[in-house]
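See structure below.
The values are calculated or read from the model by the stated rules, or taken from the named source; none is laboratory data. Given the structure is predicted, the values throughout are model-derived calculations rather than measurements. Every residue, glycine as well, gets a Cβ built from its backbone with ideal geometry; the counts of neighbours run over all protein chains shown. Quick note on the areas: whole protein, heavy atoms, side chains included, nothing else; ligands and nucleic acids left out. Shrake-Rupley method; radii C 1.70, N 1.55, O 1.52, S 1.80 Å.
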Amino acid sequence: MTDDAVPELRASDADRERVTEILRDAVAEGRLDMEEFEERLEATYKARTYAELTPITRDLPAAGSAPLPPANPVNMTKPPAGDGSWAGRIVGGDGSSSGAVAIMSGFQRRGRWTVPKRFTCFAFWGGGELDLREADFADHEVEINCVAIMGGVQIVVPPGVEVVVRGIGVMGGFDHRQAGVPGEPGAPRVIVSGFAFWGGVGVERKQTRAERQRLKEQRRQEKRERGSSARELRGSRHDLLGGLDGLGGLHGDRREELEEHLDALEEHRDAMRRRHEERRERHEERRERHRDRRERRRGDWD
């Protein structure tokens, strides 16, 4: 791994714990005095990237193997998505169907289906849903022409798809919120056109249910790992103080100062974690409110 790549990687709690272990061993072996240990320990818990962690142990032998960087690091700088991620979904052909009609009723296209180059739908006193999240596309650019008279059409697109809205509304409207969002390289372009009178055409960008479930499980796993890391930190602190006491080099005021310093670091870490969780919860609540409003509007159109 090159030095240029190191700053791109964010350090985890486990990485900081490995550095702490090396510092603790260095104190026990006499390689660091207490002042150097405290300075490096504080820098460890402030570090956010591997570039900040690496100098802390550069002049110290690692315990077993060098902790930084890991053997197979994950590059946190996301590269542009290649054409291969979408190439399999541009299938050509005529599409599964060329249109849909809802007169005082409804229609739905979802799951695995092929969007043709031009799809026309008509809703009169009714509503329809076009879900493109798992769909294939007949071409790199497809057009969905919607006519909504006292009715509505809801179009759901996956992340990465570019949306262009060209529809006209009279006492009705087309949703332009997803227009202008850049698409991923190789992703299809969806043009939404048509006419709405006393009705509406909505466009929303949403992940598949399976992807939402995967992300939810990932957040749960991260939360469990943070809890495990906190328990390891408390255990490391206990081992550190016990080891220093065994060496006879930490008593009285010096021990109290180190304990106060470790307390402050733990409080700061807990506060940062709480703020992160609160921001995430507020973000999820806003998303749920937006989703509920969209569902209510779609129900009104139906």
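Here GLY126 meets each of (1) in contact (Cβ under 8 Å) with a residue 60 or more places away in the chain; (2) of a type in the set (Gly, Ala, Ser); (3) within 16 Å of LYS206 (Cα to Cα) with one exception, condition (3). Just one of the listed residues (LEU32, LEU60) is crowded, with 19+ Cβ neighbours inside 10 Å, touching a helix residue (DSSP H, G or I) at 6+ places or on another chain (Cβ under 6 Å) and modelled with pLDDT of 75 or more, and it is LEU32. Here ALA148 meets each of (1) open to solvent by 10 Å² or more (accessible area, probe 1.4 Å); (2) assigned to a strand (DSSP E or B) with one exception, condition (1).
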